[in-house]
1. Please state which of the following conditions G73 fails to meet, knowing it meets all the rest: (1) part of a loop (DSSP other than H, G, I, E, B); (2) in contact (Cβ under 8 Å) with a residue 40 or more places away in the chain; (3) among the small types (G, A, S).
2. Within segment 25-62, how many residues turn out to be part of a loop (DSSP other than H, G, I, E, B) and not aliphatic (A, V, I, L, M)?
3. What do you reckon, is G34 in the same structural domain as R169 (by TED's automatic domain parsing) and either hydroxyl-bearing (S, T, Y) or in contact with a helix residue (DSSP H, G or I) (Cβ under 7 Å, 6 or more places away or on another chain) (or both)?
4. List every residue pair whose Cβ atoms sit under 7 Å apart, with the two residues 6 or more apart in sequence or on different chains, where the first one lies in segment 348-365 and is part of a loop (DSSP other than H, G, I, E, B) and the second, anywhere, is among the polar types (S, T, N, Q).
5. Just to be sure I understand, how many residues within segment 1-24 are in a helix (DSSP H, G or I), touching a residue at least 40 places away in the same chain (Cβ under 8 Å) and not small (G, A, S)?
6. Look at segment 108-132 and say how many of its residues are in contact with a His (Cβ under 6 Å, 6 or more places away or on another chain) and within 19 Å of P313 (Cα to Cα).
7. Any residue in segment 40-47 that is under 18 Å from A189 (Cβ atoms) and buried (at least 24 other Cβ atoms within 10 Å of the Cβ)?
8. State whether one or more residues within segment 334-341 are touching a Lys or Arg at 6+ places or on another chain (Cβ under 8 Å), assigned to a helix (DSSP H, G or I) and without any contact (Cβ under 8 Å) to a residue 60 or more places away in the chain.
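The values are calculated or read from the model by the stated rules, or taken from the named source; none is laboratory data. The shown structure was predicted, so the numbers you read here are calculated from the model rather than taken from an experiment. We place every Cβ from the backbone using ideal geometry, glycine too, and count neighbours over all the protein chains shown.
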Amino acid sequence: MIVFLDMKSAYTELKPELDAAYARVMESGWFVLGKEVEAFEAEYAAFCGTKHCVGLGNGLEALELCLRAWNLGSGDEVIVPSNTYIATWLAVTATDATIVPVEPTPAEPNIDPDRIAAAITSRTRAIMPVHLYGEPADMDAIMALAAKHGLKVIEDVAQAQGSKVRGRRAGALGHAGAHSFFPTKNIGAYGDGGAVTTDDAKLADRLRVLRNYGSKVKYVNIERGFNSRLDEMQAAFLRAKLKHLDAWNERRRAIAARYDDTLAGIPGLGLPRAPQWAEPVWHLYVVRTSRRAELMKALDKAGIGSLIHYPIPPHLQQAYAGLGLPKGTFPLAEDLAEKVLSLPMGPHMKLEQVDEVAKVVRATLV
């Protein structure tokens, strides 16, 4: 049996540190917006290379509250990927701003800067690139466009904590980076959690107000805010895991390299290929095949987990039927949705298990 993601081994490896973190919070008697959150915010900002980090309730709210902090709303356009998890779109529509979907590059899963340039109008206010599967988007090109047109850029870093573009960490490449600490992420909490990293002191200050009912001082509410706070327990767990994130990402790179070697040359199987300027962290290892159903069945029969990220593009979801974007509107995203398959990946996967997965894939497709 090879699970898609081994969650239990992370606790086994870090049990003394995680247990100590739990005990520290319980013994403190303080559970919301305390010393653990403050310490994690400082440590994670230093890790990403930003001046500020604001802990929030989850990754979706990290995206939404950034847009709200910049006062985006009705009449404003936000460019988003056509190929992404629906949370990216939900953050925009929550503010009543208008979604402008843009296709990925032909060879990669991430948003295409050339297509972004063609989609910018007088109403465009922001660009929201997603570092999908742990592979960073072309942020240099995107930031050049933003500077030219006076746009804000918020990176969706949910799947790419620790990744780099030309030596700089994701989350420090745009005007803000939105992070999810959902348990399956490269650095995951044991529950929900999120954060925004930024060099913008004004943005960070507004986010701290918005996350806490619009309040800086208890019972004094200066605006209509939200309840979106990273709690002390999750912050303590994240502090323990952060010390190991780079090492765990290196393990993921070794697994991806083994997949590259063992899956090479299989007819009709597309392998992920990151650009030379990118240092991915392999949140997922995603292959492409028109024989996906057959391959998933063979893997399942062999006791090997696999998942589809994602089977339905946002524009074809019932939630966005009102936008009137029928099938065929975004053919690249649709083609990916029909062909992508995520193979087992994680820092606690063994190279021998990669070989077992590859053996089944090769036997099925060759």
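1. (2)
2. Step one: list which residues in segment 25-62 are part of a loop (DSSP other than H, G, I, E, B), which gives 29-31, 33-34, 49-51, 57-58.
Going one step further and asking which of them are not aliphatic (A, V, I, L, M), we end up with 29-31, 34, 49-51, 57-58.
Qualifying residue count for the region: 9.
3. The answer is yes for G34.
4. Correct list of pairs: H348/S9.
5. Residues that pass the stated criteria total 6.
6. Here is the first cut: in segment 108-132, the residues in contact with a His (Cβ under 6 Å, 6 or more places away or on another chain) are 120.
Filter again for within 19 Å of P313 (Cα to Cα), leaving none.
So the count comes out to 0.
7. So in segment 40-47, the residues under 18 Å from A189 (Cβ atoms) come out as 40-45, 47.
If we keep only those that are buried (at least 24 other Cβ atoms within 10 Å of the Cβ) too, we end up with 40, 44.
Among the residues of segment 40-47, at least one is under 18 Å from A189 (Cβ atoms) and buried (at least 24 other Cβ atoms within 10 Å of the Cβ), which makes the answer yes.
8. yes
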